[in-house]
Amino acid sequence: MSIPAPDAQLVARCRAGDENAWHELVDRYGRYVHAIATRGYGLRGGDAEDVFQEVFARIYERLATLRKPDALRAWIGQTTRRCCIDRIRARSDEVLLAEPDDVPVETLGRLDDALDVRDALARLSPECAEILDRFFCRDESYRAIGDRLGLPAGTIASRISRCLGKLRELFADESPEGKKQVTTTVS
Amino acid sequence: MSKRFDHDEEGIAELLRQLPPAPADWVAAAKQLPAARAGLDALVARAEADVELRRRVVAELDAALQSEGIEPEERVVEELRRRLDA
């Protein structure tokens, strides 16, 4: 996992026709779009997949019109929410228990925080990033992680703890009044 | 990144759990958008320049897309139909 380029750079490269940049954009935001649709709005199966593809189609088609490229994340989040709401409202055969835009702000804010943590993973060593991703995001067992990375399964728990500690350090209190910003690479 | 965090290690672990990977085939399809778009543009351009090809494409939208290596998803088929109807 390499340190991601700033969104504005990614947008500029996409606009220039760099397909690899588009792939990076999908890799960076695929989980976010998926999580908003499934965890935020409870969409499943074909509905979630349709929203996922619709969001990226809209982003691709309208990338040239994005006035503030560094606002890419907010734009993707907003586009995803709109697509989810459209999808839910389009289900004429379903009775809605709540208005679709009633998804708690905290839920969406939590996914934003999760994406910040996800981005910070790239500042850890590749091994740490992969161990944490496999354990927490992919729900793999110690044995599976050990087999995959060629490490003794008995050492995975301690590595997870150590890597989580390093990730936490990125967010540790540094300034007198609060928490620090993530600016460094931890190996 | 300028956001400030109050999360301890357990909180960070919980946030990591919030973003499991999207299904690989969904991601792969989204990554193919530029190639699919280029293929669609080329197909429309050829159809607009060739009446017989246009007739065949309109008659068999799915097959025309597949022959260009484009997955005939509903959204893509509708776009092709719209562009050739215009």
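Spin-label model, B:SER67/B:ASP41: points 7 Å from Cα along the beta carbon direction are separated by 2.2 nm. Annotation for B:ARG75 and A:ARG143: the two label points, set 7 Å from Cα along the Cα-Cβ direction, are 4.0 nm apart. For A:ARG67 and A:GLU127, calculate 0.36 nm times their separation in residues minus their Cα-Cα distance, and state this gained length in nm to one decimal. Roughly 17.9 nm would be gained on extension.
With N the number of residues in chain B, Rg(Cα) / (2.2 N^0.38 Å) evaluates to 1.75.
Using only C-alpha positions, report the orientation-averaged shadow area of the convex hull of the protein assembly as shown, nm², one decimal. Intermediate values should be presented prior to the final figure.
Details: hull surface 71.6 nm².
The directionally averaged projection comes out at 17.9 nm².
To the nearest whole percent, what portion of all C-alpha pairs in region A:1-122 is separated by more than 25 angstrom? Tail of the P(r) past 25 Å holds 25 percent of the pairs. Label sites at A:ALA172 and A:ALA5, each approximated as a point 7 angstrom past Cα along Cα to Cβ, lie 3.3 nm apart. Under the shape rule built on the C-alpha gyration tensor, where the axes satisfy a ≥ b ≥ c, region A:116-169 is prolate, since a/c reaches at least 1.5 and a/b is greater than b/c. Between the helical axis of B:33-49 and the longest alpha-carbon principal axis of chain B there is an angle of about 10 degrees. Descending by average beta-carbon neighbour count within 10 Å, the peptides A:111-120, B:16-25 line up as A:111-120, B:16-25, the highest first.
Shielding by partners for peptide A:118-124, expressed as the average number of C-beta atoms from other protein chains within 10 Å of each residue's C-beta, is 2.
Every number in this text was worked out from the coordinates using simple rules, so none of it is lab data. In this text, all values refer to a predicted model and were calculated from it rather than measured experimentally. Cβ sites come from the backbone with ideal geometry, for glycine too, and all protein chains shown count toward neighbours.
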